[in-house]
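First up is the structure itself, then whatever we jot down about it.
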Amino acid sequence: MKGKWSRVFAAHKRGMQELHKVSPKLFPIITLFAVTGALIPYVTVFFSAKILTELALLRRAEVLWKWVAAGVLCGGLLAVVNALLHQRYETLLDDIWGRKEILFCRKMFSLDYADVDKQEIRDLRNQIAQMENWGSWGLGRVPEFYEACVKNAIGILSGAALTASLFSSPVPESAGALTVLNHPLFLLAFAALLIGISLLAGRFYAKSAGYWSGLAEDATLGNRIFAVFGEIGSQKERAADVRMYDQQELVGTYWSETNNLFGAKSDYGKLSKGAMGIYAGLGVCVSTLITGFVYAFTCLKAWGGAFDVGSVTQYVGAATALASNVYALLKVCGDMKINTAHLERTYEYLDIPNAMYQGSLTTEKRSDRHYEVEFKNVSFRYPGSEKWALKNVSMKFRIGKRLAIVGENGSGKTTFIKLLCRLYDPQEGQILLNGIDIRKYRYDEYRDIFAVVFQDFQLISQPLGNNVAGSMTVDEERAKKALIDAGFGERLNTLPDGLHTQLYKDFSENGVEVSGGEAQKIAIARALYKDAPFIILDEPTAALDPIAEAEIYSKFNDISGDKTAVYISHRLSSCKFCDEIAVFHEGTVIQKGTHEELLAEESGKYYELWHAQAQYYTE
């Protein structure tokens, strides 16, 4: 048991440390808020008892007014401070739900790309998010638990201080049989009874919460279903399909009572009306017994003459609050125990190690752009796959030349580019930069020599200039030139705010929606703006017609200047201008040469692909 609780507290301690990184003021504010909130009822009880005692006995006006003034001053001061802290506390608590996502974003940005691409890593992140959405389990509950622990701990200490004299004040001998209340064994038995009831109440709550935790798998599935089907109605890109194929009924099925994982007829509903609800009710009922016993014990001692009516008020109020805080602390400890498993899943994600070797050599920034890259017997397969995506690929990039990579879907073209950019490391062979294994270079510096336009490129809902620069700071002249060179010049002249025009309407009503072709030109401009010695186009123009694609490639050939350029395209006609064409098939390079040389090999794959496409453009 000791080991279990040390694990619980260690998990939540780390949770506080993680949240402190993104919200340093949160826990200091919670501490002050919890302490002042916990003291207010005990201050009220204490001064009320003193006032009642004075009224019942000596009735001294000068003393009475002092107690009244002190009570109003202390209680009022605490209430004002607590109210001020409450506003800040609520703001920080609301803010932390979004701010904690910074931890996951930072981790995602720092992960090796190979891990980002793993299905099990994505599933782990989704599970964490689903548990947060379902029962707020995980990091989001840590501030709540911390506040409850501080508040209840202060409450227990304050209550113990105010009730200590309840046990030490003796019943006079004249009270007869009631003097048994003074006996040490009776006091020990009474204390043991109160502790036992508190533990029993906590045990009942833990049983109830255990059922709740056991529903986690179904709840996660329910949230995942709702996350998909509950949002379909607001997705404009699905609107046409929904209407044309009457998908409303299909989607609505998952909202119906029979499929609702949280409805009255679900397992959750049945447990709430059954065992889970019964144990929760028993916990509350049993905890109220403490109040009853305290009332009886206090009244009997007062009846016997142990203290006055003011003390009765103090003891009953303090003891009742003490019992309530004990139960609440046991309750929160039970919740923390359940939450530990969810926190550990979170830490499993946050602690994913970076396996990719970072290297230490500085990548030389050459003004002449003389970087030579060579693949030597490179083989690679994706994690969890037995099939080689690339096998024994050897190739050398000729500096300042144009290389086209062609092949059917699944032939290894994009994998080749990901290895070149070191998004993955090969299992076999070497990739060399100027004769040195690229793993020995600093990873961030090595990436800087490449500008890539992937086939599934993404733009951000930010101003056009920031999209091109990939930064909050923009060299406007350089950005304009890149856009004009990429063929976006005419459209740029029509934009209301030029480079400051917001793309898309996610954050601005005046945001501009760009077409697929326009987005592709912006992506190409982004690659040009980076001005890296290697520039790679990985089928970014796949959505364009062949003529438009050929125009972009032809123009791009002129503006790429002394850069080493790599083009990947399904359309072989777009690559005729390249100095060399490499034909990929089933993960290997089966042909290399110029367009004319490859077309002359009538038995080759390039010839087959060329004529298969040409038939659609010739009569």
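The values are calculated or read from the model by the stated rules, or taken from the named source; none is laboratory data. Keep in mind it's a predicted model, so treat the numbers as computed, not measured. Cβ atoms come from the backbone with ideal geometry, glycine included; neighbour counts cover every protein chain shown. We work out accessible area using only protein heavy atoms, side chains counted, and drop any ligands, DNA or RNA first. Shrake-Rupley method; radii C 1.70, N 1.55, O 1.52, S 1.80 Å.
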May I ask you to list the residues of the range 50-76 whose amide nitrogen lies under 11 Å from a point 7 Å from Cα along the Cα→beta-carbon direction of S169?
-> 50, 53
Mean Kyte-Doolittle of at least 1.0 plus a Cα span of 27 Å or more along the axis: flag which DSSP H helices in the chain meet both, please.
-> 26-56, 184-214, 275-303
For A70 and L187, compute 0.36 nm times the residue count separating them, minus their Cα-Cα distance, and round to one decimal in nm.
-> 38.8 nm
Rounded to one decimal in nm, the spacing of the 7 Å Cα→Cβ label points at N493 and N434 is 4.3 nm
Candidate lysines for bridging to K66, where Cα separation is under 25 Å - those fewer than 8 sequence places away on the same chain excluded | K50
With labels modelled as points extended 7 Å from the Cα through the Cβ direction, what inter-label distance (nm, one decimal) is found for T362 paired with F109?
-> 2.5 nm
Report the one residue of G465, F104, V452 whose Cα lies farthest in the direction of the positive end of the charge dipole of the chain (charges on C-beta: Lys and Arg +1, Asp and Glu -1; origin at the Cα centre).
-> F104
Which translational diffusion coefficient, to the nearest whole µm²/s, is obtained for the range 377-454 from the Stokes-Einstein equation, given a Kirkwood hydrodynamic radius over C-alpha pairs, 10 °C and 1.306 mPa s?
-> 117 µm²/s
Considering the dipole of the range 122-195 built from charges on the beta carbon (Lys and Arg +1, Asp and Glu -1) around the Cα centre, which of G176, S136, A189 is farthest to its positive end?
-> S136
Distance between modelled label sites at W5 and A239, nm, 7 Å Cα→Cβ extension = 5.9 nm
What does the accessible area per residue of the chain come to in Å², with a 1.4 Å probe and no ligands, DNA or RNA counted?
-> 52 Å²
Accessible carbon and sulfur surface of the chain relative to its total accessible area, %, 1.4 Å = 58 percent
Using the Cα gyration tensor of the range 453-502, the equivalent ellipsoid's semi-axes, largest first and to the nearest Å, work out to 16, 13, 11
Farthest toward positive dipole pole in the range 1-122 [+1 Lys/Arg, -1 Asp/Glu at C-beta], among F9, I40, H86 | F9
Cross-link reach list, lysines versus K151, counting only Cα pairs under 20 Å and skipping chain neighbours closer than eight places = K13, K25, K331, K337
Arranged from highest to lowest average of other beta-carbon atoms within 10 Å per residue, in what order do the peptides 95-106, 350-361 appear?
-> 95-106, 350-361
Compute the separation of the alpha-carbon centres of the range 1-61 and the range 107-164 and state it in Å as a whole number.
-> 20 Å
Volume per residue (Å³) of the convex hull spanned by the alpha carbons of the range 1-140 is 158 Å³
What do you get for Rg/Rh of the chain when both radii come from the Cα atoms and Rh is the Kirkwood radius?
-> 1.16
Lysines near K592 by alpha-carbon distance under 21 Å, same-chain residues fewer than 8 away left out - which ones?
-> K376, K391, K396, K401, K413, K418, K563, K576, K605
Debye, to nearest 20: dipole size of the chain, +1 on Lys, Arg Cβ, -1 on Asp, Glu Cβ = 2840 debye
Note: E344 to K273 extended length (0.36 nm per residue) minus current alpha-carbon separation gives 22.5 nm
Where in the range 302-339 are there chymotrypsin sites (Phe, Trp or Tyr not before Pro) that are in a DSSP coil and have at most 11 other Cβ atoms within 10 angstrom of their Cβ?
-> none
Hey, what's the Kirkwood Rh for the range 121-182 if you take every pair of different alpha carbons, in angstrom?
-> 16.0 Å
Taking R0 as 60 Å and r as the Cβ-Cβ distance between F577 and F229, the FRET efficiency 1/(1 + (r/R0)^6), rounded to the nearest 0.05, comes to 0.80
Debye intensity ratio I(q)/I(0), log10, the range 64-203, q values 0.09, 0.12, 0.15, 0.19 Å⁻¹ (C-alpha model) | -0.61, -0.84, -1.01, -1.20
With all protein chains present and a 1.4 Å probe, the order of H570, H595 from largest accessible area down is H570, H595
